[in-house]
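As structure tokens, the structure follows; a few thoughts come after it.
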Amino acid sequence: MRSERGENSLNTTPENVEELVGSVARVTFQSPDSGFVVLKVEPSSDFSSAEGGLLTVVGETSTEVHPGMCIVAAGDWQEHDKFGTQFRALSIKERLPHGRDAVIRYLAGSNIKGFGPATAERIVDMFGEDALRVIREEPERLLKIPGIGRKRLEDIRSAWGDKSRREEQELFFHDLELPRWIQKKLFQHYGARAVDVIQRDPYLLVKNIPGVGFKTADKIAQHLGIDHRSDQRIAAAIIHVLQKALDDGHCYVPSSRISPKAESLLGFADSDAFHEAVLRLTAEGQIVENDSRLYLPNIREAEQAVAADIAELVAGVAPSPQIPASILADICSKPLLLSDKSLRLSEAQAEAVKLAAERKLLVVTGGPGCGKTTVVRAIAKMFRTAGLVLKLAAPTGRAAQRLSEVCGMEASTIHRLLRFDPVHRSFVHNRDNKLEADVVIIDETSMVDLLLARSLLEALPKSARVLFVGDADQLPSVGPGLFLGDLLRVEQVPRIQLTTLFRRDEQSDITRIAHELNSGRTPNIPRPDGKTRGEAYFLAASDPMEAASLVERLVVEQIPKKFGIESSDVTVLSPMNQGDLGIEALNQRLQSRIVPDRPSLPRIKLRATEIRLGDRVVQRVNNYQLSTNGVFNGDQGVVVGIDPIERTATVQLWDGREVDYPADAVSELDLAYAITIHRSQGSEVPAVVLILHDSHYIMLERQLAYTAVTRAKKLLIVVGTKRALILAGKRTRSRKRFSSLVQEIQLALGAGVSESAPEPF
């Protein structure tokens with residue numbers, strides 16, 4: 001996923017700009033992404049301070065700061081509520097040190113191999129303040145220093161050269177006003193060639209650096225004086241449009257639609273130049289054109305690979321080994337123990353079990369209360385009884401845990417099943433290294449995107465069966481494609497759709513509301529009468545601030561008191577991030593009640609908010625290097641440890657693991673008292689407080705509300721307006737995406753293509 005990140009600019013000039021010159025005594029914090037630093041500085045002038053003469057300097061810099069570095073900071077003095085007097089720097093630049101002690105500290109703290117404190121002191125004793133010039137211009141003279149031989153000199157020369165080149169690069173990027181996180185990614189991708197590459201073609205950032213969009217690259221190009229009608233600018237606009245479509249879930253863009261979007265970025269229309277750019281990009285392999293559809297190459301390859309694998313599963317020989325008839329008969333006819341209930345399979349459920357035994361591919365779909373859980377447990381029991389090697393997986397950790405509980409055996413995330421290798425950014429299990437499995441069952445398949453589906457199908461042994469389980473009416477995957485929906489649109493794909501609402505679930509208000517929403521009806525949600533106690537309630541609140549206050553009282557006071565559900569088991573769901581009823585404002589409001597601020601409470605500043613000891617948090621991105629099994633987008637936990645000086649944290653995750661977050665990973669956390677409905681996919685919680693309000697008008701629609709309601713296990717409270725509730729039930733936004741998977745599967749099966757690709761916008 002790609003999105004263009006903003007910059008935290010410090011260009012606003014205060015009324016009284018001062019200049020502070022000093023030596024860095026300690027780096028309290030340094031963000032490798034944003035360049036934000038908190039420094040303890042020994043000033044060269046006579047400033048008073050409460051900490052041994054050291055001053056606190058905060059701000060952003062494009063330069064990597066280390067102890068001993070001399071800096072010039074321009075800014076002003078501010079009084080912080082918690083941390084006292086600070087120098088808020090608008091700019092922080094390196095300055096060569098002056099004076100014996102300053103030069104020694106600079107060399108000793110420069111992290112250059114060969115410069116320890118003792119060596120630095122000997123160099124300065126011999127060359128005085130000329131030491132830095134000698135190292136830079138006459139390094140051979142260092143051989144006069146005891147302990148420095150030819151090999152050590154070469155190490156120093158090489159390291160100093162690297163440092164000088166890095167400083168030149170940082171100066172170049174500083175002039176371009178590039179955020180630190182972009183610089184970091186540039187160095188990771190291009191190494192020492194970063195400046196040369198950007199000077200030659202800054203638009204390469206659009207293609208090669210995740211998170212950098214056309215506007216950022218275009219700003220650099222303007223600074224470098226590149227012609228606004230240049231071939232590379234037009235090509236970059238086309239690539240950007242395809243990447244943006246990918247962010248929106250599309251696999252391709254029709255060639256007729258891409259031109260207007262690219263032209264709006266470019267600021268001019270030139271059909272000939274645009275056509276030539278498409279031809280050139282196609283010839284270079286940067287894009288693929290098929291039937292007037294433009295793809296990024298990896299997406300086109302993924303569609304074809306998935307289609308071929310699905311077709312092989314559908315048309316392949318009968319699976320082996322076969323399930324003994326006696327085992328199949330027992331599973332279908334005898335009662336199945338599920339939780340504390342003994343259940344018999346319905347006719348449709350028994351048919352699903354039989355198909356799973358007979359076919360290599362089966363899709364099982366259905367809404368809440370329709371028996372998917374029972375079917376999955378029965379099928380898993382059948383395969384285990386027959387002695388087959390069974391693997392269970394789901395897109396998220398929470399969904400995998402639930403699948404494990406249902407089947408009584410281990411389940412994992414799909415990424416963990418395939419063993420993601422963070423070094424090579426690929427899966428260990430692939431087309432050349434298959435999984436050791438006879439059967440794979442995937443739950444919550446609606447969350448599986450095209451690329452993950454490709455990786456999973458590639459890793460299946462030729463003889464293996466696969467069962468995809470999911471609710472096609474929930475929100476689609478965040479990534480590209482409509483994998484589950486597309487499978488269901490291919491009539492040759494075996495499937496069972498469970499539609500019967502079982503008697504044990506008919507009395508569930510939550511299940512009833514979900515089905516009413518899904519059928520386009522306005523759900524009948526009772527208002528509290530103070531007498532009866534049910535599963536679901538609607539609380540009207542038209543004023544946003546009144547609604548936010550009500551949500552706060554519900555989570556902190558009323559739900560724990562009246563329903564016996566602790567605040568830690570209540571999740572607030574909102575369609576949006578911003579606004580009085582967005583998750584950012586709600587999280588701050590709930591944090592102030594659940595983990596109230598006090599001077600001694602450890603905390604770490606985090607973007608517009610802070611995380612405190614005891615906070616509930618959620619992981620925002622996949623990080624495969626945190627803990628043995630990695631931490632994934634959507635994983636939640638509680639902060640059980642914080643070091644505010646080192647800016648590290650320890651989080652106890654939902655699965656019991658305690659994960660140590662280094663300073664550069666803490667920014668991957670968000671508060672999780674309230675989360676977006678999209679982020680809640682794949683999870684179930686005891687109680688949900690769902691906000692459906694007029695202020696979220698643009699987001700209100702059936703699939704979103706349906707997904708939110710089905711997250712609640714015991715209690716659902718909807719806060720908002722009746723109008724928003726009605727709209728959420730009636731409005732259906734087109735969830736169609738530009739995808740050719742249906743047509744590709746039909747072609748791979750040798751069937752006629754029966755329908756055209758959707759036209760969603």
Answer with yes or no whether Ala325 is aliphatic (A, V, I, L, M), modelled with pLDDT of 90 or more and either closer than 24 Å to Ser412 by Cα or out of contact with any Phe, Trp or Tyr (no Cβ under 9 Å at 6 or more places or on another chain) (or both). yes
Quick check on the range 619-626. Is at least one of its residues among the charged types (D, E, K, R) and more than 14 Å from the chain's Cα centre (by Cα)? no
How many of the residues making up the range 307-318 are within 17 Å of Ala459 (Cα to Cα) and assigned to a loop (DSSP other than H, G, I, E, B)? 1
Would you say Pro321 is touching a residue at least 24 places away in the same chain (Cβ under 8 Å) and either touching a strand residue (DSSP E or B) at 6+ places or on another chain (Cβ under 8 Å) or loosely packed, with under 15 Cβ neighbours inside 10 Å (or both)? yes
Any chance the range 166-179 includes a residue that's out of contact with any Cys (no Cβ under 7 Å at 6 or more places or on another chain), on the phi > 0 side of the Ramachandran plot and not in a loop (DSSP other than H, G, I, E, B)? no
Within the range 94-105, the residues that are without any contact (Cβ under 8 Å) to a residue 40 or more places away in the chain and not small (Gly, Ala, Ser) are Leu96, His98, Arg100, Asp101, Val103, Ile104
So, of the residues in the range 119-152 that are free of Cβ contacts under 8 Å to residues at least 12 places away in the same chain and either touching a Gly at 6+ places or on another chain (Cβ under 6 Å) or under 17 Å from Leu96 (Cα atoms) (or both), which turns out to be surrounded by the fewest Cβ atoms within 10 Å (Cβ to Cβ)? Glu137
Selection over the range 280-306 where residues are part of a helix (DSSP H, G or I) and exposed (fewer than 11 other Cβ atoms within 10 Å of the Cβ) yields a count of 1
The listed residue being within 19 Å of Met699 (Cα to Cα), in contact (Cβ under 8 Å) with a residue 60 or more places away in the chain and among the charged types (D, E, K, R), out of Asp580, Asp543, Asp569: Asp580
Check Thr609, Thr628, Thr650 and return the single one that is under 24 Å from Pro544 (Cα atoms) and polar (S, T, N, Q). Thr609
Any chance Glu358 is acidic (Asp, Glu) and touching a helix residue (DSSP H, G or I) at 6+ places or on another chain (Cβ under 8 Å): no
Positions within the range 220-262 being touching a residue at least 24 places away in the same chain (Cβ under 8 Å), over 25 Å from Leu450 (Cα atoms) and of a type in the set (D, E, K, R), in sequence order: Arg229, Asp231, Arg233
If you go through the range 533-544 one residue at a time, do you hit one that is under 29 Å from the mean Cα position of the chain (by Cα) and not acidic (Asp, Glu)? yes
Any residue in the range 597-619 that is in a helix (DSSP H, G or I) and touching a strand residue (DSSP E or B) at 6+ places or on another chain (Cβ under 9 Å)? no
Selected residue (criterion: nearest to the chain's Cα centre (by Cα)) from residues of the range 384-417 that are surrounded by fewer than 16 Cβ atoms within 10 Å (Cβ to Cβ), assigned to a loop (DSSP other than H, G, I, E, B) and not acidic (Asp, Glu): Met409
Looking only at the range 193-218, filter to residues that are basic (Lys, Arg) and touching a residue at least 40 places away in the same chain (Cβ under 8 Å); which one of those is surrounded by the fewest Cβ atoms within 10 Å (Cβ to Cβ)? Lys215
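The values are calculated or read from the model by the stated rules, or taken from the named source; none is laboratory data. Note that this is a predicted model, so its numbers are computed, not measured. Backbone-built Cβ (ideal geometry, glycine too); neighbour counts: all protein chains shown.
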